[in-house]
Amino acid sequence: MVLGVYAIVASALGLALTPAVLVWQWVAEWGARLSMLGHAFAIALGTAVAFFVFGFALLVVVPVYNLVLPTRLRPFKGGYYTLRAAPWLLHNALFYLVRYTFLPFVTLTPFGIWFLKAMGMKIGRHAFINTEYISDPQLIQVGDDAALGGSVRICAHFGGGGHLTVAPVTIGARATLGLAVTVMGDVEVGDGATVLPNSVLLPGSRVAAGETWGGVPARRITREELELFKEGIRGVQHH
């Protein structure tokens, strides 16, 4: 199964690289008529342009593969290398192909949002997603006007005791996840809730609407605690 995934990923890479290679060849041939310095610049420019052609081609090829191949995720608990885990493995393998190559270049653009939606992630209107550290996009839902800060990590799965558990993640409307928050599978964040930076929401966490959570592992922070925390910050600033 794993070798088959490698073969599928290789074919996706090949398709995305084809237009990039054609562009590079055309620019290299055109630059051959120039001086030595001009030729070198043409090859360098062609390589740079070819990279972006490859990246945008990959944004199209991978969702098509994800659509036609058996990648429909369902919540489950079982072995890592079983037939039930095959859709999870293939879906993430395709997604990671973009996540680790080109997604950082389009994360803060409409192209990034389009790709996440094309991979099955449900994203509401005006949602702000400033991270590419995502796994299992098919099982992630982000509400309207929600904000995911830089380097937020969301994975709709977790492992332990020799078992893989795949469970959905829901981020409510107007919810805010601070810088570098980690969200694991089977987590719900209610509308208007806030999760403080660098916090970790463990499996089973249920953040109610309007609540503030923080810490490792994250827990509910009362209004009084939050005010004391703010006062402490002001005291440090005064000193």
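The values are calculated or read from the model by the stated rules, or taken from the named source; none is laboratory data. Just so it is clear, the structure is predicted and the values come from calculations on it, not from any experiment. Neighbour counts run over all protein chains shown; Cβ positions are idealised from the backbone, glycine included. These accessible areas exclude ligands, DNA and RNA; they are computed on the full protein's heavy atoms, side chains included. Shrake-Rupley method; radii C 1.70, N 1.55, O 1.52, S 1.80 Å.
Overview of results
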item	result
Segment residue 52-residue 208, length gained on full extension (0.36 nm per residue, minus Cα span)	52.0 nm
Residue 37 paired with residue 84, simple spin-label distance in nm, labels 7 Å along Cα-to-beta-carbon	6.6
Inter-label distance, nm, simple model (7 Å from Cα along the C-beta direction), residue 29/residue 231	7.5
Label-to-label distance, nm, for residues given as residue 2 and residue 198 (7 Å Cα→Cβ offset)	3.5
Kirkwood Rh, Cα atoms: Rg over Rh of the range 114-239	1.02
Folded to 0 to 90 degrees: helix 86-99 orientation relative to the chain principal axis, Cα	70
Accessible area expressed per residue, the chain, with surrounding protein chains retained (probe 1.4 Å, Å²)	53
With eigenvalues of the C-alpha gyration tensor scaled by 5 and rooted, the chain, Å	39, 25, 14
Using a Förster distance of 22 Å, the FRET efficiency for residue 144-residue 68 (Cβ separation, nearest 0.05)	0.15
Fraction of beta bridges assigned by DSSP in the chain that are antiparallel (%, nearest 5)	30
Carbon and sulfur %, accessible surface of the range 120-184 computed with the full protein complex present, 1.4 Å	53
Among 184-197, 21-34, the order from most to least packed when residues are scored by Cβ within 10 Å on average	184-197, 21-34
Relative contact order, percent, the chain [alpha-carbon distance under 8 Å, six or more residues apart]	11
Debye, to nearest 20: dipole size of the range 16-134, +1 on Lys, Arg Cβ, -1 on Asp, Glu Cβ	640
Fraction of accessible area attributable to carbon and sulfur, the range 7-78 (%, probe 1.4 Å)	79
Relative contact order for the range 98-239, counting Cα pairs under 8 Å that sit 6 or more residues apart, in percent	14
